[in-house]
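Take a look at the structure set out below.
The numbers here are math on the coordinates, done by the rules we state, and not lab data. Note that the structure is predicted; figures quoted are calculated from it, not measured. When we count neighbours, we look across all protein chains shown, and the Cβ atoms used for this are built from the backbone with ideal geometry, even at glycine.
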Amino acid sequence: MAEYTLLIILFAPFVGALALIFVSNRQVSLVRGVAAGSAFVTLVASVYLFYAYDPIKGGYQFIQRIEWSRQLGISLHLGVDGIGTPLVLASGILLFAGIFVSWHIKDRMKEFYIWILILAAATIGVFMSLDLFFLYFFYEMSVIPMYLLLGMWGSHTKKYLEMTDPDGLKLRDSVGFIFNFGANSKEYAAMKLVLFLSAFAVAALMGILLIYKFSGLNTFDILVLREKAHFSGPLATLIWLLIFFGFASIAPIWPLHSWSPVGHAAAPAATSMLHAGVLMKLGHFSIIRVAFEILPETTRELMPIAAVLCIFSIIYGGLVAYYAKDTKYVIGYSSSSHMGYVFLGMAALDYISLSGAVIYMFAHAMATGMLFAMAGWVYDQTHTRDIPSLGGLSNRMPFISAAFVIGCMASIGMPGTVNFIAEVMIIVGSWNKYPFQVVVAVLGIVLTMAYLFKMMRGLFYGSMAEKYSHSHDAVAVVDRMPLLIMIMVSVSFGIFPGHLYSVVRSGVDPLIARITRVVPVAEQPTHIPLASSPIAPVSAPHEAIAKVTPR
Amino acid sequence: MNFSLTLSASDLVLLLPELFLTVWLCVVLAVDFSFKRIVQEQLAYLTILGLMMTLACLAWFDMTGITGTLFAKMFVVDRMAIFFKVMILLATILVILLSIDYVHRFSFFRGEYYFLVAISALGMMFMTSANDLLSLFVTLEFATFGFYVLVSYLRDDMASNEAGLKFFILGVFAAGLLGYGISLVYGETGKLVFSDMTGANPTTGLVIGFLLIFAALGFKIGAVPFHSWIPDTYHGAPTPVTAFLSIAPKVAAFAILLRLFLVALGTFKPAWALLIVAASILSMTYGNIVAIAQRNIKRLLAYSGIAQVGNVLIGLAAGTKMGTDSILFYLLTYLFANLGAFAVIMAISNSLGSDEIDDYRGLNRRSPFLAFAMLIFLLSLAGVPPLAGFIGKLYIFVAAIKEGLYTLITVGLVNIVVSMYYYLIVVKKMYINEPLDSSPIKTTGPLRAVIYVGLAGTLVIGIYPQPFLDWAVSATLMFSNLLGPAASIPPPATPFGG
């Protein structure tokens, strides 16, 4: 049974979605039950996966390999390492929480759950794919559900981008000037998201096809390519750039971020949670899985690009978030700013910083999931996301406002939440290599504090407009549970990060050892054995400390 | 040349599917004439029965491995021909099912309609077996005659008449080019059979001759710059005929293109590869860009069809065994998605009387089933996983990248994104926009059957393509020894040792 864990995690949502097709839309509780049930199966299995993963053994575990196409050299090769495991867990938690956050959805509820289950299953599929084909397969598969979720259940943003005015179409952003993607911000955001992500995804596909051709191995299997394929020279640079920018668009790194905040703003709460919580991590994860694993040398040479771009991500996202007046824009830009930290952690190519980046992905999933869930709740109650017009809601919704404070604290990186650990690791780990970026990152934390506190004050404190006096707090168990789950996870890993840390380290160590130690192919005497537990070269004091940490 | 026309019994076996279908169609026609009161629906099922039995016969061929040539190699039955014949028969059966609810719109000759559809299919079956220049000409014209009538079957409809006229004039023109090309090629080589031409010298006359033949076939498949008849003909023709036109002649013409380019011209691959690359890039780009501006779903699918042909030509440009496999496989995925999409169009057109994309507003609220089916078909055409179209596109790209066709692949990948835009516009109308009139849309049994077949094909091939890939690969084994060293059988996938 245990060896099928990954298949259960992956296929439970698909089975749930399939079952929902045959359920009538009128049987509301049955629809909810099937959706929640399949999400629960995934959650339980991913919790089991997280604790059953053996960090001492390390490497890829729970491997499943099913031949899929002989002609193309594709197999459904699933397996998780220390990097994939926490992200699978985060997806499981956010899917389960997302089902409950969207508990009160009325319009076409069944279809909503079908698409959200497919979306979550596709993202989970990426986190466990050990085959380039299936990595792309699941990656691209997650895009279309986003289109429908945004378009069908999303909400318009009338005031902030001036997408529409009474006379017709007026102001749009740069892409919208060229293409008329839709009559309102919701359709516009959905179309922009799909086209943007697909355009960059096909760039990544080109990179994958080049890897396939020039490895000459006639296989898409990452583990085989990692061991046997060697790329060098301009070809390696080209492949790396295609892979990096192809996947970084979903992350989203600075110049490629513009689809993301409009997408967040248009999406319904549960979709925003999954979008910011796990979908954006597909980018970082795919870069780690493809570029770091298969092109370690080129990664070492070119990763400084990410170190440069992440500065803009952090500062630009933070500043826009500070001036934005729409709750979801604030959280959306804050997410794209925070993803800059992950890029910083990845760029430093250090044991501590990359571990920090992976833990940050997990931590950010919880924090941003909470914030989006609560922004969605406030929107459902007041039908506005305009911060200046809101205020004083803590009188009406004490639970939500308390949870919101915790969410903000987590997002800032307050000690006691897992975000703190991640941030400290990123900052400490990249100090040696990128001191300037670290200074920027620390300033970014201050900026985060500024805009989150500003939003918190604007929403929950001060005087309340009369028209919001009818709004309600989250009282029912189904409404409180998702928030409580995410708070609990964030705090408990913040206080007891031991297992999470050792799991992540077991995935990060061989990767960094490979990237920092690998010598150019021409000078390589024999094949360096990497599979057995790599010894981290002690080059900095903090690494010596890290080695003492029980694993 | 020595034509021995003495046929033995074993030779006749090779012709069995075609002979059987011919006889059966005569019976269908006789039944139509003799029983004036016969319900046309029964006639449709009678035709389908005949096509099914032909299909069974082909399945028997495929299983027992019956192959051979007839009439001094004019007519060849090999596994590729069988693959193409199965596709054509499948398309014909689905088209006849589509027609059942449409035929009442014809003011006359309702019974002959089925006969004409099936006789075109018979012509195309012959076409897939054509192995020399003469049989190429005869079968191609045989297959086209039925279509000339079918396209203008709505006699009182100006658009249908215009479509028929356009198709006829350009079709006859293409036939002229074909005849002229054949005469040039025969004059230069003195050979008629494709496989005898391999050693020919590339003289100017021969090159012009093959260019003319390619132009005529390009007209059949609707590749740019021979596409100009496609939009108007697709728009004006009766919708089931459009559906038929959008898949079957393309399939048959690709069978000939494969034989022509890979067998007869195998040695000149570097030269014609450029030609195919150009046609492919033009078709994909033109088809996709113009499709964006369309407001009518039939015209949209017409332009998207031009783009899809551009995709298939990538496989031909690769010119390898794997490229051939990918063409066969892609056409199979295209068949299910395209006919399924036309079934949805028919269902909507039957109840709304309109093919405008604007009338698809809120389809999700009016008929969730139709909207979902259309979503799946369009996404498969766009190439989104986990649907069949994605695997088809990927297979073609893999075949092409092995031959180093980087420009072509880049253009193809960019075009995926462009095509996604206009397919999603339809999805937007169906799912996101609210309906103007929310009365539910009813579908009839035969249309539902076609949609189910399309859905099953699209999803099954997308999720578990291995048997279909195997079938395509075994169908083109004949090409594995015809091509240069670059196309030799690839090494088996490296197993992961642990």
Which value, in debye to the nearest 20, describes the size of the charge dipole of the protein assembly as shown about its Cα centre when Lys and Arg Cβ atoms bear +1, Asp and Glu Cβ atoms bear -1, and nothing else is charged? 1100 debye
Rounded to 0.05, the calculated FRET efficiency for the beta carbons of A:Leu30 and B:Trp60 at R₀ = 45 Å is 0.40
Region A:2-548: C-alpha pair distances exceeding 30 Å, %: 46 percent
Give, in nm to one decimal, the length gained when the segment between A:Ile21 and A:Tyr51 is fully stretched (0.36 nm per residue of separation minus the Cα-Cα distance). 7.5 nm
Crossing angle, helix A:132-141 versus chain A [Cα axis fit, 0-90 degrees, rounded to tens]: 10 degrees
Using the Kirkwood radius over Cα pairs of the protein assembly as shown, the Stokes-Einstein translational diffusion coefficient at 20 °C and 1.002 mPa s, in µm²/s and rounded to a whole number, is 70 µm²/s
For the pairs B:Lys166/B:Lys250; B:Lys220/B:Lys428; A:Lys192/B:Lys393; B:Lys73/B:Lys250; B:Lys85/B:Lys250, flag any whose C-alpha to C-alpha distance is greater than 21 Å. B:Lys220/B:Lys428; A:Lys192/B:Lys393; B:Lys73/B:Lys250
Using a 10 Å cut-off on Cβ atoms, rank the peptides B:163-175, B:438-450, A:113-125 from the highest mean neighbour count down. A:113-125, B:163-175, B:438-450
Partner chain coverage, peptide B:416-425 - average Cβ within 10 angstrom: 5
Which order do the peptides B:204-210, A:23-29 take when ranked by the mean count of other beta-carbon atoms within 10 Å per residue, highest first? B:204-210, A:23-29
In debye to the nearest 20, how big a dipole does region B:268-482 give about its Cα centre with +1 on each Lys and Arg Cβ and -1 on each Asp and Glu Cβ? 100 debye
Can you figure out the FRET efficiency of A:Met449 with A:His499, using R₀ = 35 Å and their beta-carbon distance, to the nearest 0.05? 0.75
By how many degrees, 0 to 90 and rounded to 10, does the Cα axis of helix A:185-215 deviate from the longest principal axis of chain A? 10 degrees
Distance (nanometres) between label positions extended 7 Å along Cα→Cβ at A:Asp107 and A:Val424: 4.6 nm
Suppose each label sits 7 Å from its Cα in the direction of the beta carbon; what would the A:Val477-B:Leu165 distance come out to in nanometres? 7.5 nm
From the helices alone, meaning DSSP H stretches of at least four residues, give me the mean residue ellipticity at 222 nm for the protein assembly as shown, per-run term -39500 (n - 2.57), in deg cm²/dmol to the nearest 500. -23000 deg cm²/dmol
Packing rank of A:356-369, B:378-391, A:138-151, A:393-406, where each peptide gets the mean count of other beta carbons within 10 Å, highest leading: A:356-369, B:378-391, A:138-151, A:393-406
Distant-in-sequence amide H partners of A:Ile74 (H built 1.01 Å from N, under 5 Å): A:Trp68, A:Ser69
Return, ordered by residue number, the residues of region B:131-147 whose backbone nitrogen is under 16 Å from a label point located 7 Å along Cα→Cβ of B:Thr198. B:132
Once you put a point 7 Å from the Cα of B:Leu477 and another 7 Å from the Cα of B:Val172, both along the Cβ direction, what distance in nm separates them? 4.6 nm
Could you work out the mean count of beta carbons from other protein chains within 10 Å of each residue's beta carbon in B:464-476? 2
So which aspartates and glutamates can B:Lys298 reach, going by Cα to Cα under 12 Å and dropping same-chain residues fewer than 8 places off? B:Asp232, B:Asp355, B:Glu356
Answer rounded, prolate or oblate for region A:1-100, using the Cα gyration tensor with square roots of eigenvalues a ≥ b ≥ c: rounded when a/c is under 1.5, else prolate when a/b is larger than b/c, else oblate. oblate
